[in-house]
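K.L.:
A single structure is presented below for examination.
The values are calculated or read from the model by the stated rules, or taken from the named source; none is laboratory data. All figures in this text were calculated on a predicted structure; none of them were measured in a lab. Here the Cβ positions follow ideal geometry from the backbone for every residue, glycine too, while neighbour counts run over all protein chains shown. For the accessible areas, the whole protein counts, side chains as well, though only heavy atoms, and no ligand, DNA or RNA atoms are used. Shrake-Rupley method; radii C 1.70, N 1.55, O 1.52, S 1.80 Å.
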Amino acid sequence: MAGVRQVSDNIAHDLRTPLTRLRTKLELLRAELGDDHPGAAAAAEETITDVEELLGTFNALLRVARIESGGRRAAFAPVDLAPLVADLAELYEPVAAERGQRLTFDAPESVWVIGDRDLLFQALGNLVDNAVKYSPEGGRVDLRLTATEQTVCAEIADNVPGIPAELHAEVFRR
């Protein structure tokens with residue numbers, strides 16, 4: 001596992017610079033195309049969005065590698081999950097509505113944890129994204145936060161059958 005983590009860290013680090021250069025070149029291209037070539041400018045804009053998503057993934061890989069090595073844990077800070085999950089609900093509600101789904105959100109006023117806000121947003125966002133993506137038209141996706149003195153639970157639930165039992169072990173693979 002240490003070897004796999006190191007390889008992931010190396011790949012993420014090595015690809016971040018060329019992806020950043022690619023993004024800059026695409027922005028210059030989009031600016032040059034301007035209003036004279038609206039189709040090409042729109043394609044450049046979509047590609048910039050794709051590159052930003054890749055950069056986000058690589059930055060998350062680097063953060064995870066640092067956390068796993070213990071180097072980033074010192075930078076953990078208090079994070080209120082309630083507005084974070086409310087932001088996710090607001091972000092995904094139009095997507096769910098477009099797919100004929102109902103997205104609900106229920107949380108106390110605040111739910112505090114210690115962690116990395118960006119990684120928490122990405123992890124919970126991935127779960128919400130999958131729930132919306134794999135729920136059928138007319139489906140329902142529920143986001144709930146609950147807390148006790150000892151635990152915090154962030155629940156993203158949908159009304160699809162889920163992952164077959166024989167694939168449960170695969171869920172936790174890198």
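K.L.:
Restricting attention to the stretch 89-132, which residues are of a type in the set (G, A, S) and touching a residue at least 24 places away in the same chain (Cβ under 8 Å)?
P.N.:
A89, A96, G100, A107, S110, G115, G125, A131
K.L.:
Restricting attention to the stretch 106-122, and to residues there that are within 27 Å of N59 (Cα to Cα) and among the charged types (D, E, K, R), which single residue is least open to solvent (accessible area, probe 1.4 Å)?
P.N.:
Here the answer is D116.
K.L.:
Hey, among L103, L127, which residue is within 20 Å of the chain's Cα centre (by Cα), open to solvent by 80 Å² or more (accessible area, probe 1.4 Å), of a type outside the set (S, T, N, Q) and closer than 18 Å to A157 by Cβ?
P.N.:
Testing whether each residue is within 20 Å of the chain's Cα centre (by Cα), open to solvent by 80 Å² or more (accessible area, probe 1.4 Å), of a type outside the set (S, T, N, Q) and closer than 18 Å to A157 by Cβ leaves just L127.
K.L.:
Another question about this same structure. Identify, from the list E155, E166, E137, E98, the residue that is charged (D, E, K, R), more than 25 Å from N59 (Cβ to Cβ), open to solvent by 50 Å² or more (accessible area, probe 1.4 Å) and within 16 Å of the chain's Cα centre (by Cα).
P.N.:
It is E155.
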